[in-house]
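K.L.:
Handing you this structure, nothing more for now.
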Amino acid sequence: MTQSKFAFIDQTLAERERSGRLRALKGLSPLPGARVRVKGRVLDNFSSNDYLGLSMHPLLRERAIEYTERYGAGAAASRLICGTMDCCLALESKLADLKGTEAALIFNSGYQANVSLLPALADRRSLILSDRLNHNSLIKGAMLSRCRVIPFRHNDTDHLKKLLEENMDKGYSRLIVVTESVFSMDGDCADLGALSELAQDFGAWLMVDEAHAMGVMGKRGMGLACGKKVDLAMGTFGKAGGSFGAYAACSRKVRDYLVNCCSGFIYSTGLPPAVLGTIDAALDLIPGLDEERTLLQFRADRLRATLNAGGFNTGDSVTQIIPVILGDEGGTVSLSKKLEENGILATAIRPPTVPSGGSRIRLSLSAAHTRDQLERLTDAFFGAKDTK
Ligand SMILES: Cc1ncc(COP(=O)(O)O)c(C=O)c1O
């Protein structure tokens, strides 16, 4: 070996720097009212996934403290050893009741859930059919399954049907269709009715990632898979839930199987009581937040209409996630900087997070935003456009 063992790191970082894609972490302090303080400046935050403003809610904070005082700081073991506190089981029953499923299982994070659920459901002889715009955690989970994975065209049920027809008699141990319900970078929705019908027609599994729908969409805010024939709906509590953690909502049998065969669940310490407390409080609040959900949808529709009228492209978004798609990476980064100069935090999203040529500002609305903040946002967009 002639090269330093760190050469690949130097090369990668230099390449990122050269192509303008070097990313770095920025420190900030969260403030109430969907704002943050960055280097002494207060910015309106249009980049967070705190869609209902629950991360600052007093009930979540109180219950985090209450659970810590009652149960301690940590779970102290993995779930199957001695890390399943009674309050965790109670939480899983409460969630299953709300979701209308037989059972639910709490995971430590959405990423952990996705990278471990798919390898548990698929064996090497399975076939996973995955929406082309699925989140990185689903892509990595499918890869870890070590089975064949075919991406289907985004939200294209005809393409999926064709793939199912072509592959149904090829001897696969099982077919697994996986999609997000609200797509994280585009804010559009999967047609879960059509996907569920297809999955049933072909005897395939349907797994749905509800990370960006949980709390915001569906009956009582319980997601778009709620009430549909979906074999496994996963979701997270780190977005509209305001804190952290994830879940799989499924049948009792599937839960039993996961408890025994899902290694990402089995070999990891359970969530700390403080987090379980925040999830419990969020589940008490979310069903009663219909007004906030309606407001969020109304504001998102209005913002899209305003941006579209000003010539901005918001793609197929129909939810609280509104991408402003510019395509060009440099232009997107410079727009994000201009917005920041005008008091708006709206992060530029670039490849590889989105496909090449799809650079965008990803706006996410929160019920915690005020009308003034939304006005400042549109003013900043139109101001930035005029100074191009
Ligand atoms: C669609 C989707 N699934 C899963 C995750 C991972 O969830 P978590 O942040 O809880 O790890 C994310 C996070 O960005 C996501 O957008």
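K.L.:
Which of 185, 234, 214, 168 comes first, and how do the rest follow, when ranked by fewest Cβ neighbours within 10 Å?
P.N.:
By the 10 Å Cβ count, ascending: 168, 185, 234, 214.
K.L.:
So, one more: Can you give the helix-only mean residue ellipticity at 222 nm for the chain, where every DSSP H stretch with n ≥ 4 adds -39500 (n - 2.57) and the sum goes over all residues, rounded to the nearest 500 deg cm²/dmol?
P.N.:
-12500 deg cm²/dmol
K.L.:
Among the lysines, which fall within straight-line cross-link reach of residue 162, defined as a Cα-Cα distance under 18 Å, with same-chain neighbours fewer than 8 residues apart omitted?
P.N.:
Correct list for residue 162: 170.
K.L.:
Moving on to the next point. I'd like the distance between the alpha-carbon centres of the range 256-287 and the range 122-160, rounded to an integer number of Å.
P.N.:
Between the Cα centres of the range 256-287 and the range 122-160 lies a distance of 25 Å.
K.L.:
What number results when the radius of gyration of the range 58-287, computed over Cα atoms, is divided by 2.2 N^0.38 Å? Walk me through the numbers before you get to the answer.
P.N.:
Values: Rg = 17.3 Å, N = 230, 2.2 N^0.38 = 17.4 Å.
Cα-based Rg divided by the globular estimate yields 0.99.
K.L.:
In the range 58-287, what % of DSSP beta bridges are antiparallel (nearest 5)?
P.N.:
If we restrict to bridges inside the range 58-287, about 40 percent are antiparallel.
K.L.:
Under a cut-off of 18 Å between alpha-carbon atoms, report the aspartates and glutamates in cross-link reach of residue 5, not counting same-chain residues fewer than 8 places apart.
P.N.:
Here the aspartates and glutamates satisfying the reach criterion relative to residue 5 are 15.
K.L.:
Could you please rank 317, 251, 126, placing first whichever residue has the fewest other Cβ atoms within 10 Å of its Cβ?
P.N.:
251, 126, 317
K.L.:
Express the C-alpha Rg of the range 260-388 as a ratio against the empirical globular expectation 2.2 N^0.38 Å, rounded to two decimals.
P.N.:
Its radius of gyration relative to the 2.2 N^0.38 Å reference: 1.33.
K.L.:
Over its Cα atoms, what ratio of radius of gyration to 2.2 N^0.38 Å does the range 197-252 give? Please list the in-between numbers first.
P.N.:
Details: Rg = 11.8 Å, N = 56, 2.2 N^0.38 = 10.2 Å.
Taking N as the residue count of the range 197-252, the ratio is 1.16.
K.L.:
At 20 °C and 1.002 mPa s, grab the translational diffusion coefficient of the range 73-197 from Stokes-Einstein with a Kirkwood Rh over Cα pairs, rounded to a whole number in µm² per second.
P.N.:
Details: Rh = 16.3 Å.
Stokes-Einstein gives a translational diffusion coefficient of 131 µm²/s.
K.L.:
Also: Share of antiparallel DSSP beta bridges in the chain, in percent to the nearest 5?
P.N.:
60
K.L.:
Taking the Kirkwood radius as the inverse of the mean 1/r across Cα pairs, report the Rg/Rh of the chain.
P.N.:
Reported Rg/Rh (Cα atoms, Kirkwood Rh): 0.97.
K.L.:
With each label point set 7 Å from Cα along the Cα-Cβ vector, what nm distance links residue 5 and residue 294?
P.N.:
Spacing of the two 7 Å Cα→Cβ label points: 6.3 nm.
K.L.:
Using the Kirkwood radius over C-alpha pairs as Rh, can you work out the diffusion coefficient of the range 149-281 via Stokes-Einstein at 37 °C, viscosity 0.692 mPa s, in µm² per second?
P.N.:
204
K.L.:
If we count other beta carbons within 10 Å of each Cβ, what is the order of 148, 255, 124, fewest first?
P.N.:
With the fewest neighbours first, 148, 255, 124 line up as 124, 148, 255.
K.L.:
Under a point-charge model restricted to the Cβ atoms of Lys and Arg (+1) and Asp and Glu (-1), what is the dipole moment magnitude of the chain relative to its Cα centre, in debye to the nearest 20?
P.N.:
On the way: 48 positive and 44 negative charges, 190 e Å.
Here the size comes out at about 920 debye.
K.L.:
Quickly work out the residue 256-to-residue 146 label distance, labels modelled 7 Å from Cα along the C-beta direction, and quote it in nm with one decimal.
P.N.:
Inter-label distance under the simple model: 2.8 nm.
K.L.:
Under 17 Å between alpha carbons, and skipping anything fewer than 8 positions from residue 385 in its own chain: which lysines qualify?
P.N.:
Candidates past the 8-residue exclusion: 337, 338.
No value in this document is a laboratory result; all are computed from the given coordinates. This is a predicted model, so every value here is computed, not measured. Note: ideal-geometry Cβ built from the backbone for every residue, glycine included; neighbour counts use all protein chains shown.
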